[in-house]
Amino acid sequence: MDFKQLVTQIRRPFSLIAMAFVLIPPAVNAQTAPLPIGPVPNARQIEWYHREIIAFFHFGMNTFANVNEGDGTANPQLFNPTALNCNQWTSVLKGAGITTAIFVAKHADGFCNWPTAHTNYSVKNSPWKDGKGDVVREFTDACKAAEIKAAIYLGPHDRHDSRYGTPDYSDYYANQLSELLRNYGPIWEIWWDGAGADQITSVFYDRWADTVRKLQPNCVVFGTKNSYRYADCRWIGNESGLSGDPCWSTINPVSIRDEAAYITQLNHGEVDGTAYIPAEADVSIRPSWFYHKEEDAHVKSVAALWDLYFNSVGHNSVLLLNFPPDKRGLIPAIDSVRADSLHRLINGTFKNNLAAGATIKSLHPRGGNYKAASMGDNSESTYYATTDNAFTDTITFNLGKKKTFDVLMLQEVIELGQRTTGWSVDYSSDGKNWTPIPEATEKQAIGYKWLVKFKPVTASKVRLRITSGKACVAIHAFGIYKEQMATPD
Ligand code: IPT
């Protein structure tokens with residue numbers, strides 16, 4: 001606190017006690033960290049947010065039956081990939097810069113991609129590798145070799161198993177969970193699809209969650225419907241990868257439980273939601289979840305993937321992008337090329353923050369370690385904050401010279417809760433006349449990351465105005481960029 005601020009404080013009609021507080025501890029106050037507000041993420045969620053994009057692999061009997069929702073009667077003899085190679089899957093992910101992958105071990109048709117001891121409806125009764133194969137093993141081994149985190153989808157819904165919905169099914173599923181979580185190394189996430197799973201009550205999930213927590217304490221839970229109490233992350237309310245604007249990390253858990261009535265809440269979160277359960281936005285790079293040859297011409301374009309990235313990762317969510325392996329057991333080249341291009345677009349664009357090195361002025365700096373320069377320093381641990389009683393701020397970046405940009409990026413300090421509830425960005429070249437960026441005006445949420453793209457603008461000054469918040473401002477990063485594709489490695 002400088003002298004001028006001190007005088008302003010003292011002039012206010014505060015009580016003597018407040019005045020004494022102002023006079024005595026400012027030096028201490030300036031150095032302490034802001035306190036968290038509202039629900040905050042657990043360690044699993046913090047790590048989850050940092051993955052940004054997770055790959056999904058839908059592969060199984062449906063691939064061979066050429067359907068998306070098998071009825072559970074397809075003959076295991078159909079399952080016969082000719083060239084399955086999970087190292088090829090992980091090399092696609094390497095090219096795409098994706099560090100985590102979820103494999104569908106069992107979809108709702110009930111066919112198991114590993115030789116489980118608990119049903120005959122699995123790869124062990126298929127011609128593939130004479131029934132000696134194990135796709136989960138090949139997947140987890142390939143992930144390990146490529147330093148990719150391996151995760152599992154084990155469909156709660158099962159159209160094959162006659163025990164479905166009964167207490168015996170609870171045993172069956174728990175036994176399968178144990179196999180998968182005990183025998184294949186670290187499993188980073190478990191995906192509890194709500195599709196068709198209404199008969200799976202919370203009694204089932206209490207038991208299954210217990211199994212997950214005992215066997216893999218750090219495993220992230222994608223929870224839906226009756227697994228809502230265990231959810232580390234939630235469904236986004238559509239299968240198009242589109243997170244709402246705003247998209248709060250907080251939500252009331254019943255909105256997850258009773259999803260049909262709360263699709264909007266899933267999509268946007270709830271600003272005063274009582275739990276921190278951010279959204280994982282699932283979408284396929286093709287129209288369907290499983291591979292169909294006729295969709296080869298409909299793989300999402302790079303432009304569509306770029307939009308998707310802004311609407312998911314750029315809306316405070318994690319993007320869960322599905323790459324369906326084909327009947328050979330390989331990711332088709334076209335999908336791989338698109339993913340690689342998306343990666344180059346992300347890398348090319350975000351490698352050069354045009355606001356780095358700017359001279360920054362703000363209205364309410366907290367001082368101490370919470371320097372404005374922290375917003376552009378690429379450090380994980382530093383951030384800018386305002387004084388405790390300043391819930392708004394105007395932060396002006398003087399770029400030193402005119403620069404052209406068409407993308408902006410904001411990050412809050414998620415460990416401190418989602419604080420900002422209103423913000424706008426505008427630009428100027430004389431520091432007097434400010435032009436708003438319409439796409440970045442009267443926005444609400446920031447959270448882990450908020451991205452906006454717009455027609456290129458040229459300016460020497462950019463201003464971030466935090467117009468409302470639940471507590472003092474804590475911004476981890478601010479960046480402006482010019483969209484561009486990095487050249488192939
Ligand atoms: C939908 C489920 O109802 C939801 O809980 C979640 O699992 C989601 O799938 C995943 O995409 S059902 C789908 C047909 C919209």
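Once R0 is set to 45 Å, what does the formula 1/(1 + (r/R0)^6) return for the Cβ-Cβ distance between E47 and I334, expressed as a FRET efficiency to the nearest 0.05? Efficiency, rounded to the nearest 0.05: 0.90. Binning the C-alpha pair distances of the chain at 10 Å intervals from 0 yields a P(r) profile of 4, 19, 27, 23, 14, 8, 4, 1, 0 %, listed from the shortest bin outward.
For the chain, give the magnitude of the charge dipole about the Cα centre (Cβ charges: +1 Lys/Arg, -1 Asp/Glu; no others), in debye to the nearest 20.
Roughly 1720 debye for the chain.
Backbone amide hydrogens, once placed in the peptide plane, bring K149 within less than 5 Å of T100, A101, excluding anything fewer than 5 places away on its chain.
Net charge within 11 Å of W235 by Cβ-Cβ distance, Lys/Arg positive one each and Asp/Glu negative one each, not counting W235 itself? Result for the neighbourhood of W235: -3.
Overall shape: oblate for segment 428-489, with the ratio a/c of the largest to smallest alpha carbon gyration tensor axis at 1.5 or above and b/c at least equal to a/b. Ellipticity at 222 nm from helices only: DSSP H runs of n ≥ 4 in the chain, each -39500 (n - 2.57), divided by the residue count, give -8000 deg cm²/dmol. Compute the Cα gyration tensor for segment 217-373, then decide on rounded, prolate or oblate, letting a ≥ b ≥ c be the square roots of its eigenvalues: rounded whenever a/c is under 1.5, prolate when a/b is larger than b/c in the other cases, and oblate in all that remain. Because a/c hits 1.5 or more and a/b fails to exceed b/c, segment 217-373 counts as oblate. Put simply, the amide H of S284, placed in the peptide plane, has neighbours under 5 Å in N322, leaving out anything fewer than 5 places away on its chain. On the basis of the beta-carbon distance and an R0 of 22 Å, Q484 and D377 show a calculated FRET efficiency of 0.50.
Protection proxy ranking for 432-444, 374-386, using the average of other Cβ atoms within 10 Å per residue and placing the highest first: 374-386, 432-444.
Each Lys or Arg adds one and each Asp or Glu takes one away; over the other residues whose Cβ falls under 11 Å from the Cβ of F454, this sums to -1. Once the chain from V254 to A117 is taken as fully extended at 0.36 nm per residue, the excess over their C-alpha distance is 45.7 nm.
Pairwise over distinct Cα atoms, reciprocal of the mean inverse distance: report the Kirkwood radius of segment 297-448 in Å, one decimal place. The answer is 18.2 Å. Per residue, the average separation of C-alpha pairs within less than 8 Å and at least 6 apart gives the chain a relative contact order of 16 percent. Label segment 209-299 by shape, choosing from rounded, prolate and oblate, from the square roots a ≥ b ≥ c of the eigenvalues of the Cα gyration tensor; if a/c is under 1.5 it is rounded, and otherwise prolate applies when a/b is larger than b/c, oblate when it is not. Oblate is the answer for segment 209-299, as a/c is 1.5 or above yet b/c matches or exceeds a/b. In whole angstrom, note down how far apart the Cα centers of segment 86-158 and segment 289-342 are. Segment 86-158 and segment 289-342 have Cα centres spaced 19 Å from each other. Which of K149/K327; K401/K449; K94/K214; K361/K432; K432/K453 have a Cα-Cα distance over 22 Å? Beyond 22 Å: K149/K327; K401/K449; K94/K214; K432/K453.
Sorting 300-309, 191-200 by average packing, meaning the other beta carbons within 10 Å per residue, from highest down gives 191-200, 300-309.
Remark: spin-label model distance T458-S428 equals 2.0 nm, labels positioned 7 Å along the Cα→Cβ axis.
Computed log10 I(q)/I(0) for segment 95-190 at 0.12 Å⁻¹: -0.39, from the Debye equation with unit scatterers placed on every C-alpha and solvent omitted. Taking amide hydrogens as placed 1.01 Å from N in the peptide plane, the amide H of I54 sits under 5 Å from those of L319, L320, L321, each at least 5 positions away in sequence or on another chain. Per-peptide packing, taken as the mean over residues of other Cβ atoms within 10 Å, places 124-130, 278-284, 183-189 in the sequence 278-284, 183-189, 124-130 from highest down.
Neighbours of Y49 by Cβ distance under 14 Å: Lys/Arg scored +1, Asp/Glu scored -1, total -3. Take the Cβ atoms of T467 and D388, set R0 to 25 Å, and the FRET efficiency comes out at 0.85.
P(r) tail, segment 115-165: Cα-Cα pairs separated by more than 19 Å, 43% of all pairs.
Read the figures in this text as sums done on the coordinates, not as results from a lab. These numbers come from a predicted model, not from an experiment. Note: ideal-geometry Cβ built from the backbone for every residue, glycine included; neighbour counts use all protein chains shown.
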